[in-house]
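In what follows, a single structure is set out as structure tokens and then discussed.
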Amino acid sequence: MNLLDSLRTHRLMAIVRGPDPEAALASVLTLADTGIALIEVSLTGADALGTIRQARASLGADFGLGAGTVLSAEEAQRAADAGATFLVTPALAPSIAEADRLGLPVLAGALTPSEVAQAGASGAAAVKLFPASLGGPAYLNALRDPFPQTAFVPVGGVNAESARAYLDRGAVAVGVGSPLLGDAVRGGDPGALRDRAAAFLAEVASL
């Protein structure tokens, strides 16, 4: 897949991480059904690879389903085997080089200017600004001065209000976890998840 094009088109990536594999899978399928086209399943969740495998079987080969918190080369390989078509890292890590070898696009985690430069040099499709809440939209704005061509995706503490602020300041997309998923990954109300997903999609579409 062309991850950067998908990020620019959809502008929202959901992040699913939870202790209940069944609830995580249900959340992925609910998000997809609501219209969210990019979903990251974090490997720190329970049986995350199983969730990716089952979600891929349900959603088809072309859906934007990735693996997150991928740090090692071994994790990158296992995520690819499970059906992930892109990888997300929280930092500069060996998984980035392995993803390149596997032909998978990467959203590479970085925070400081030096890390942003290294992420770009690694061939990452885009830079995951993480944790974005540490500096907020103003920090993204400052980073874009020396890195005007870098595709930034703020992640970490992003809610509906700050999503608009980040996108207004030039982020190509935002990654949203808990403010979107709520208690759905622990078996919470799927109807409430649909409502939150629809609200986030409307906020992004209004820009």
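Every helix of 4 or more DSSP H residues in the chain counts as -39500 (n - 2.57), and over all residues that averages to -14000 deg cm²/dmol at 222 nm.
Give me the one-decimal Kirkwood hydrodynamic radius in Å for segment 99-185, with the sum taken over alpha-carbon pairs.
Numbers: mean 1/r = 0.0757 Å⁻¹.
Radius from the Kirkwood sum: 13.2 Å.
Across the chain, C-alpha contacts under 8 Å between residues 6 or more apart give a mean separation that, scaled by the residue count, equals a relative contact order of 22 percent. Sorting Asp145, Asp168, Asp183 by solvent-accessible area of protein heavy atoms yields Asp145, Asp168, Asp183, largest first, with a 1.4 Å probe. Taking packing as the residue-averaged number of other Cβ atoms within 10 angstrom, the listed peptides 108-120, 79-91 run from highest to lowest as 79-91, 108-120. Both radii are taken from the alpha-carbon atoms of segment 146-186; with Rh as the Kirkwood radius, Rg/Rh is 1.07. The overall shape of segment 34-107, judged from the alpha-carbon gyration tensor, is prolate: a/c is not under 1.5, and a/b is greater than b/c. Of all the options Leu59, Leu31, Leu193, the one that moves most in a Gaussian network model of the chain with Cα springs shorter than 10 angstrom is Leu59. Which log10 I(q)/I(0) values, to two decimals, does the chain give at q = 0.09, 0.18 Å⁻¹ under the Debye formula with one point per Cα? After summing over all Cα pairs, the log10 values are -0.29, -1.25.
Expressed as a whole percent, the accessible area of the chain that falls on carbon and sulfur atoms is 51 (1.4 Å probe). Over all projection directions, the Cα-based convex hull of segment 47-156 averages an area of 6.9 nm².
For segment 21-35, backbone phi angles converted through the Karplus equation (6.51, -1.76, 1.60; θ = phi - 60°) give residue-by-residue couplings of x, 5, 5, 5, 4, 4, 5, 4, 5, 5, 4, 4, 5, 7, x Hz, Gly and Pro being listed as x. Placing dummy labels 7 Å off each Cα toward the beta-carbon, the span from Arg101 to Arg53 is 2.2 nm. Based on protein heavy atoms only, segment 1-74 ends up with 41 Å² per residue of surface accessible to a 1.4 Å probe.
Thinking of segment 165-207 as a set of Cα atoms, what percent of all their pairs are more than 14 Å apart?
Values: 476 of 903 pairs.
I get 53 percent for the Cα pairs in segment 165-207 exceeding 14 Å.
Summing Lys and Arg as +1 and Asp and Glu as -1 over all other residues whose Cβ lies under 13 Å from the Cβ of Arg186 gives a net charge of -3.
The relative contact order of segment 1-58, computed from alpha carbon pairs under 8 Å that lie at least 6 residues apart in sequence, is 39 percent. For the chain, a crude dipole built from +1 on the beta carbon of Lys and Arg and -1 on the beta carbon of Asp and Glu, taken about the Cα centre, is about 300 debye to the nearest 20.
Using the Karplus relation 6.51 cos²θ - 1.76 cosθ + 1.60 with θ = phi - 60°, the per-residue 3J(HN,Hα) values for segment 132-148 come to 4, 5, 5, x, x, x, 5, 5, 4, 4, 5, 5, 6, 5, x, 10, x Hz, with x marking Gly and Pro. Measuring with a 1.4 angstrom probe and ignoring ligands and nucleic acids, Ser72 comes out at about 30 Å² accessible. The value of relative contact order for segment 22-106, using C-alpha pairs under 8 Å at least six residues apart, is 25 percent.
The values are calculated or read from the model by the stated rules, or taken from the named source; none is laboratory data. What you are looking at is a predicted structure, and each value in this text was computed from that prediction instead of being measured. Backbone-built Cβ (ideal geometry, glycine too); neighbour counts: all protein chains shown. For accessibility, only protein heavy atoms count, side chains too; no ligands or nucleic acids. Shrake-Rupley method; radii C 1.70, N 1.55, O 1.52, S 1.80 Å.
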